[in-house]
Structures are given as structure tokens and as C-alpha cells.
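Enquirer: Structure incoming, see below.
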Amino acid sequence: MNRQLTQDGRLRHLLTLDGLPRAIITQILDTAESFMDVGEREVKKVPLLRGKSIFNLFFEPSTRTRTTFEIAAKRLSADVVNLNIATSSQTKGEAILDTVDNLAAMHADMFIVRHSQSGAAHFIAQHVAPHISVVNAGDGRHAHPTQGLLDMFTIRRFKGEFHNLTVAIVGDVLHSRVARSQIHALTTLGVPEVRVIGPKTLLPTGVEQMGVKVFHDMEAGLRGCDVVIMLRLQNERMKGARLPSAQEYFKFFGLTPEKLALAKPDAIVMHPGPMNRGVEIASEVADGPQSVILPQVTYGIAVRMAVMAMLAGTGNA
Amino acid sequence: MHASLPDANTLIARLADAIAPTLTPDTLIVGIHTGGVWVAERLHALLQCAQPLGTLDISFYRDDFSRIGLHPQVKPSNLPVDLEGRAILLVDDVLHSGRTVRAAMNELFDYGRPASIRLAVLVDRGGHELPIRPDFAGLTITVPDHQNIHLSRLDDGHLTLSLA
């Protein structure tokens with residue numbers, strides 16, 4: 001069932017944080033910790049993945065995620081090829097598995113896959129030869145495991161432990177693969193209280209079954225929180241019937257200094273980016289002393305290095 | 001035939017005596033995780049070294065990574081001072097193939113260009129596979145390939161050598 005792990009329980013692909021054992025998540029975070037100092041050295045590279053070829057397969061555009069994967073791979077000394085497939089062969093009608101087969105024939109060792117369809121990375125992982133690993137860099141509404149992991153890394157860096165935290169995830173949970181990955185990771189790591197805050201139209205029905213507390217009133221939801229994670233409100237969601245307007249949304253669910261004051265005084269504010277300032281978050285908060293949004297980006301490199309190093313070293317590469 | 005290996009602390013004292021005349025004030029002592037760090041800590045104290053102690057985890061530089069993968073417990077390397085132009089004393093517990101030392105030197109050079117690197121090991125057990133020899137060795141013996149010399153640390157900090 002767990003396609004992500006080898007027979008002996010090591011990481012084979014990274015597709016979702018749902019069901020990923022706590023020991024593996026902790027190992028990724030610990031390994032990322034030791035990659036942190038590589039970015040601060042004279043030579044910002046280690047030779048671990050020398051001679052390996054990593055293909056960034058982005059069927060959906062993304063600047064930040066693709067760039068951090070690329071930097072991470074380069075710091076591991078891998079050769080990186082970026083393919084923005086939305087604008088190349090897909091438009092010529094090439095099937096996704098044909099693209100993958102062609103790249104495998106070029107001796108690819110790892111695929112980093114971003115796709116608007118949920119399950120795309122699983123689909124590719126099922127198909128590839130045993131020596132190739134697949135990392136899900138975001139599939140539809142399903143999962144964005146490296147984002148979830150870097151968020152856990154950020155929380156651990158600022159808060160130390162997970163077992164005594166109250167964490168709130170605020171906004172468009174319904175369309176957010178990031179939120180799903182965060183909820184799985186937070187519960188696996190033993191966070192006793194995970195809250196989701198948002199209007200009814202933007203929370204999935206039955207979200208309580210993921211082990212979270214639901215709040216439709218942001219003030220109530222933020223009270224006593226150690227970590228506040230804001231989600232990006234996709235602009236296209238506002239065109240439909242789910243929300244009246246960006247101004248209205250900001251009034252009720254935008255994070256302002258006044259609302260943040262309800263959380264614990266040392267609460268940290270996170271956001272997976274890119275931010276809509278004045279929609280889900282006020283600039284005073286985004287740039288304020290409690291914001292750890294830029295450290296999240298830096299940590300994302302170390303976390304992705306850890307994932308790639310663990311995958312490439314599974315012994316099948 | 002090696003039923004009783006010498007006491008590790010005696011060997012460390014012997015190493016320190018040999019190193020002392022060659023130590024300059026700017027020399028940085030760097031221990032390789034994990035056993036090498038234990039030995040380096042002792043040497044650092046015995047030699048009253050002016051520089052802070054450096055530590056190196058060579059997991060990201062191993063030449064057998066693609067066969068055996070990443071060590072599950074990688075510790076951060078910590079080199080507290082600039083390596084550029086510095087004299088370095090690299091410390092490990094046991095010298096065997098020499099591959100760990102090669103990896104350590106590769107890693108050091110990614111931090112800067114040292115003026116010199118010398119190698120001190122608690123035990124040189126033979127079986128070298130690379131042209132790497134210690135400048136200082138507490139003990140030089142020949143151990144068959146199928147046997148291993150292991151340094152362990154007890155809860156009270158006492159170091160002991162064993163052969164298995």
C-alpha cells in the first residue's frame with residue numbers, strides 16, 4: 001500500500017505525507033538540519049548527488065517551488081534539467097508517460113513533478129523503472145509534501161517541540177494541497193490541537209475527520225495559538241460564488257495585527273507564498289516581527305536537499 | 001592475540017605528547033564524528049589549544065553513498081573559524097582504508113583553503129586503500145580485514161577500545 005517506502009522501510013518516492021511514518025518525517029527534518037550550514041559556506045555544495053540527473057517536470061507553472069528544488073539539487077551537485085511542460089510537448093499532445101519514458105531514456109535518476117491533476121505524481125511513480133525516484137511537488141488539491149515538511153521544519157526551529165502546540169491553518173483549505181499536507185504532518189508529529197479557520201464555503205466537508213477543530217470565527221480560532229499558518233487565497237476562487245469580494249474576505253479572514261494579538265504573544269506567522277497582501281494577510285503582519293515567511297523559503301532548500309539525498313541514497317539509484 | 005588493547009586514555013596522552021611540540025597557536029583541531037570527536041575533545045583539553053574545537057560529519061562526502069545511502073543520524077559539521085590559510089590537525093579514532101580521511105579533506109576544502117592538514121589517529125590498524133598515512137598515531141598494529149577496532153564511550157565519558 002505504501003508505495004513511498006522500500007521493503008525495508010526507507011524512502012523510495014515522496015508522494016504524500018498521509019501515512020508517512022513519524023520516524024521518516026523526523027529523519028528528513030534532522031537531515032535538513034545538517035544541510036542548513038551548507039548554504040552558509042564558502043562552497044555551497046556537497047558532492048552527494050554528483051553524476052545524478054534530476055528533472056523538474058512542471059506541468060503547472062511555479063517559480064518558487066521549482067527554483068528551490070533546482071537550488072537544492074545543485075547544492076547536492078546533481079545535474080538539473082527544468083522542463084516547463086505546460087508550454088512544450090504537452091501542447092503538441094504528447095502523453096505524460098511518453099514524456100516520462102523519453103526522459104528516462106536520457107538516464108534520469110529523479111523526477112520532481114508538479115501537476116494540476118491530483119494523483120499525477122503517483123501515476124508516474126507507478127510507471128517508472130525501479131532506480132528512478134519521484135517527488136511530488138504539488139498535485140491538484142491533493143498534496144504538496146515538501147511544503148508540508150518545510151513548514152514542520154520551520155515550526156520545529158522556532159518552537160522546538162510539537163507536543164505542546166496549538167496550530168491554526170487559516171483560509172482556503174478546500175482548494176489547498178498545502179493544508180492537507182500540513183494537517184497530516186502536524187497530526188503525525190503529535191501536535192495536540194490543529195485548528196482550521198475559514199468560511200464554510202472554503203472548508204472541505206468532513207474536514208473534522210482529519211483530526212482538526214473547525215472554526216468559522218477567526219477571532220475564536222486564533223485565541224491561544226502558537227503557530228498561525230495563512231493560506232493563499234487563489235484569485236480564481238473569487239470569481240465563483242464562494243466569496244463575495246477580496247475586501248469582504250480580508251475583513252473576516254485576513255490576518256491583521258489586531259487579530260494576531262489574540263494568539264499567544266510569541267506566536268509565529270507562516271505563509272507558503274506567494275502572498276496576496278491585503279487579501280489574506282496585512283503587510284504589517286507579513287513584514288512584522290512575528291512573521292517567519294522568509295525563513296520558510298530558506299529552510300525549503302535544506303528540506304528539499306534532505307528529501308533528494310535520502311531518495312538517491314536508497315540504494316537503488 | 002589482541003585480547004587486551006592498550007588503554008585509550010594512555011594512547012591519547014601519548015598522542016598529545018607527540019603533537020605538542022608541533023602545535024602553533026592558530027592550529028585548529030578538527031575531530032571526525034563520532035569517535036574522532038571524542039579523541040579530539042581530549043586532545044584539545046590536554047594541549048590547551050587556543051582555538052575552539054572543530055567537528056566534521058563526513059556523511060555528505062562518503063564515496064559509498066550510492067551503495068549504502070545516507071547515514072540516518074547526520075550531525076552538522078561545525079568549523080568555528082575561517083579555514084583560509086590555517087593549520088589543521090585532523091583527528092579520527094581508527095585509520096583503516098583511509099576513505100573517511102579522504103572524505104574529510106574534501107569537505108574541509110569546501111570551507112576554504114587550509115595552509116596544511118596533518119592527521120592524528122588513535123589507532124592505525126593497517127589495511128590502507130589510499131595513499132593516506134597518519135602524522136601521529138597512538139598505536140600502530142595490524143588487524144585482519146574481517147576484524148574491527150571500535151572506540152566506545154561509557155556514560156561517565158571513559159573511552160575504551162575493543163576488537164571484534
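Read-outs throughout are calculated quantities, based only on the coordinates presented, and are distinct from any laboratory measurement. No experiment lies behind these values; they were computed from the predicted model shown. Glycine gets a Cβ as well: all are built from the backbone with ideal geometry, and neighbour counts include every protein chain shown.
Enquirer: I'd like the distance between the alpha-carbon centres of region B:93-118 and region A:130-203, rounded to an integer number of Å.
Expert: 40
Enquirer: So how do B:I149, B:I141 line up by other beta-carbon neighbours within 10 Å, fewest first?
Expert: In order of increasing Cβ crowding within 10 Å: B:I141, B:I149.
Enquirer: Also, I was wondering about something else. Could you work out the Kirkwood radius for chain A, taking every pair of different alpha carbons, averaging 1/r and inverting it, reported in Å?
Expert: This gives a value of 20.0 Å.
Enquirer: Another question, then. Divide by every residue of chain A the summed helix terms, -39500 (n - 2.57) for each DSSP H run of at least 4, and state the resulting mean residue ellipticity at 222 nm, rounded to the nearest 500 deg cm²/dmol.
Expert: -10500 deg cm²/dmol
Enquirer: Compute the separation of the alpha-carbon centres of region B:1-75 and region A:254-302 and state it in Å as a whole number.
Expert: 43
Enquirer: Next question, about the same structure. Can you compute the FRET efficiency between B:L163 and A:S116 using 1/(1 + (r/R0)^6), with r the Cβ-Cβ distance and R0 = 60 Å? Round to the nearest 0.05.
Expert: 0.50
Enquirer: Which number comes out as Rg/Rh for region A:23-124 once both Rg and the Kirkwood Rh are worked out on C-alpha atoms?
Expert: 1.01
Enquirer: Can I ask one more? Can you sort B:D135, A:D266, B:D92 so the residue with the fewest Cβ neighbours within 10 Å comes first?
Expert: Going from sparsest to densest Cβ surroundings: A:D266, B:D135, B:D92.
Enquirer: Kindly state, to the nearest 0.05, the FRET efficiency for B:T34 paired with A:D79, given R0 = 22 Å and r defined as their beta-carbon distance.
Expert: It comes out at approximately 0.10.
Enquirer: Based on the Kirkwood radius over alpha-carbon pairs, what is the Stokes-Einstein translational diffusion coefficient of region B:8-163 at 20 °C with 1.002 mPa s viscosity, in µm²/s?
Expert: Estimated diffusion coefficient is 136 µm²/s.
Enquirer: Once the Cα atoms of region A:145-294 are picked out, what are the Rg and Dmax in Å?
Expert: My reading of the Cα-based Rg and Dmax gives 13.9, 41 Å.
Enquirer: Could you please rank A:I197, B:I32, A:I293, placing first whichever residue has the fewest other Cβ atoms within 10 Å of its Cβ?
Expert: A:I293, B:I32, A:I197
Enquirer: Could you give me the ³J(HN,Hα) list for region A:168-179, computed from phi with Karplus coefficients 6.51, -1.76, 1.60 and θ = phi - 60°, whole Hz, x at Gly and Pro?
Expert: Each residue of region A:168-179 in turn: 10, 10, 10, x, 7, 5, 4, 9, 9, 6, 4, 4 Hz.
Enquirer: Other chains near A:304-314: what is the mean number of their Cβ atoms within 10 Å of each residue's Cβ?
Expert: That average works out to 3.
Enquirer: Which FRET efficiency value, to the nearest 0.05, do you get for A:T256 and A:S53 by plugging their Cβ-Cβ distance into 1/(1 + (r/R0)^6) with R0 = 60 Å?
Expert: Efficiency, from the Cβ-Cβ distance: 0.80.
Enquirer: How shielded is B:62-71 by partner chains, expressed as the average number of their Cβ atoms within 10 Å of its Cβ atoms?
Expert: That average works out to 6.
Enquirer: Given labels modelled 7 Å from the Cα in the Cβ direction, how far is it in nm from A:D266 to A:A86?
Expert: Output for this residue pair reads 4.1 nm.
Enquirer: Between beta-carbons, use under 9 Å as the cut-off and find the net charge around A:T314, counting Lys and Arg +1, Asp and Glu -1.
Expert: +2
Enquirer: Describe numerically, in nm with one decimal, the distance between label points set 7 Å from Cα along Cα→Cβ at B:R67 and at B:E84.
Expert: 3.9
Enquirer: For every helix of n ≥ 4 consecutive DSSP H residues, a contribution of -39,500 (n - 2.57) applies; sum these over chain B, divide by its total residues, and give [θ] at 222 nm rounded to the nearest 500 deg cm²/dmol.
Expert: Dividing the helical sum by the residues of chain B leaves -7000 deg cm²/dmol.
Enquirer: Follow-up. Identify all aspartates and glutamates with a Cα-Cα distance to A:K200 below 17 Å; exclude those on the same chain that are fewer than 8 residues away in sequence.
Expert: A:D172, A:E208, A:D217, A:E219, A:E248, A:E280
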